[in-house]
Amino acid sequence: MEMTIRWFGSKSDSVTLEQIRQIPGVKGVITTLYDTSPGEVWAEADIRAMIDEVETAGLHVAGIESVNIHDAIKVGTPDREQYIDNYITTLERLGKAGIHMVCYNFMPVFDWTRTELARKRADGSTVLAYNQAAVDAIQPEKMFETIGGDSNGFVMPGWEPERMAHVKELFEMYRDVDEEKLFANLKYFLECIMPVCDQYDINMAIHPDDPAWSVFGLPRIIVNKENILRMMKMVDNPHNGVTFCSGSYGTNPENDLPDMIRSLKGRIHFAHVRNLKFNSPTDFEEAAHLSSDGSFDMYEIMKALYDIGFDGPIRPDHGRMIWGETAMPGYGLYDRALGAAYLNGLWEAIEKSQTR
Ligand code: DNO
């Protein structure tokens with residue numbers, strides 16, 4: 001595996017490449033062109049500039065999170081052809097520029113969903129949290145106001161104001177889209193893009209739906225082992241793979257994370273590893289990465305990744321906000337650096353215990 005950190009670019013991130021460079025064991029960043037909208041073709045010059053900036057700081061681009069999918073593709077409207085062509089052109093340009101991992105998601109309307117971005121924990125840190133009763137009591141438009149107003153002035157990816165201004169129209173677009181239709185549209189999209197992925201050796205890594213169940217009545221399909229294996233089989237190409245995100249699949253305690261990892265051998269192209277703490281079956285908050293701070297056994301998760309020979313990029317995921325830092329919720333420097341060091345430590349111990 002290669003330890004990486006997600007970086008939102010010098011215009012949008014409070015964390016600098018110079019800081020990332022000083023986290024032990026981190027040589028790669030996961031980034032994107034944050035000025036682009038879903039469906040747009042990425043300019044070659046912009047891709048080059050992004051790579052050059054990262055390389056000038058002594059790091060490299062280990063993958064893209066995300067090249068977002070236009071809603072026409074998810075809904076399956078006739079204009080999807082144009083957006084798929086655009087996506088293929090972007091992949092071609094990324095491949096030519098030497099990028100081989102692209103994370104994306106197939107969630108309708110919203111990307112990840114949380115009800116609080118700064119819940120206070122006993123140690124004074126603040127974390128993202130989810131409470132089902134709060135979701136059930138809120139209108140989707142209001143949800144956006146909460147997320148937008150609570151984000152320390154940063155634009156949360158997936159919750160861009162331009163997009164959320166059209167939230168009602170987006171819901172309307174998905175009116176006739178059920179899980180089967182969403183699966184079919186995903187299959188169609190993947191079949192169209194696999195040739196370019198084969199040509200440039202690009203690993204597509206679908207991110208799970210977070211939380212791993214339907215929110216606001218919208219269909220969600222990347223939620224459990226059964227569905228993800230169905231997806232692997234329906235387009236059975238090694239470039240059709242997943243982002244294994246422990247914090248997203250783990251929102252459903254019925255998902256056995258190490259078992260899921262083992263069943264996806266060879267198809268995990270990217271890993272997001274974080275811990276959650278369940279306060280009740282319908283309320284959880286994000287914890288420090290350390291096993292004892294949350295509900296997951298992080299050793300078992302890393303061990304499963306080690307056992308399947310995972311060799312892609314991995315990143316610590318959402319961190320707590322600690323030590324007075326002001327940053328995008330979940331994406332401060334300090335707790336993610338602690339997370340990277342801890343995950344690296346687990347990996348070293350697992351590796352040595354296997355090989356000595
Ligand atoms: C949340 C992230 C997601 C992820 C996208 C991938 O913090 O893990 O927003 O980047 O779903 O497309």
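Derivation of every value follows stated rules applied to the coordinates shown; laboratory data play no part. A quick note: this is a predicted structure, and the numbers were derived from the prediction, not measured. Because the Cβ atoms are built from the backbone with ideal geometry, glycine has one as well, and the counts that use them run over all protein chains shown.
Between Glu254 and Ala118, the simple spin-label model (points 7 angstrom out along Cα→Cβ) gives 3.6 nm.
Here the stretch 32-116 is treated as a Stokes sphere of Kirkwood radius computed over C-alpha pairs; at 25 °C and 0.890 mPa s its diffusion coefficient rounds to 176 µm²/s.
For the chain, adding -39500 (n - 2.57) for each run of n ≥ 4 DSSP H residues and dividing by the number of residues yields -11500 deg cm²/dmol at 222 nm.
Give me D for the stretch 2-355 in µm² s⁻¹, whole number, from Stokes-Einstein with Rh from the Kirkwood sum over alpha-carbon pairs, 25 °C and 0.890 mPa s.
120 µm²/s
Between Gln82 and Lys142, what FRET efficiency comes out of the Förster formula 1/(1 + (r/R0)^6) with R0 = 35 Å and r the beta carbon distance, rounded to 0.05?
According to the calculation, E is roughly 0.60.
With a sphere of radius 12 Å drawn around the Cβ of Tyr188, what net charge do the other residues whose Cβ falls strictly inside it have (Lys, Arg +1; Asp, Glu -1)?
+2
FRET efficiency for the pair Glu325 and Gln22, taken as 1/(1 + (r/R0)^6) with r the Cβ-Cβ distance and R0 = 25 Å, rounds to 0.95. With a simple spin-label model that places each label point 7 Å from the Cα along the Cα-to-Cβ direction, the separation between Lys11 and Ala341 comes to 3.4 nm. Classified by the C-alpha gyration tensor, the stretch 144-303 has an oblate form. Its axis ratio a/c, with a ≥ b ≥ c, is 1.5 or above, and a/b does not exceed b/c. For the pair the stretch 244-323 / the stretch 329-356, the C-alpha centres are spaced 12 Å from each other. Two numbers describe the Cα atoms of the stretch 1-70: Rg and Dmax, which are 12.1, 37 Å.
Shown is the FRET efficiency for Asn237 and Ser37, computed with R0 = 35 Å from the Cβ-Cβ distance and rounded to the nearest 0.05: 0.80. Where in the stretch 120-145 is the amide nitrogen less than 14 Å from a point lying 7 Å along the Cα-to-Cβ axis of Trp213? Residues passing the 14 Å test: 130-137. For the chain, leaving out every one of the chymotrypsin sites (Phe, Trp or Tyr not before Pro) that falls in a DSSP loop and has at most 12 other Cβ atoms within 10 Å, the longest unbroken run is 1-212. Cα centroids of the stretch 228-242 and the stretch 24-46: 24 Å apart.
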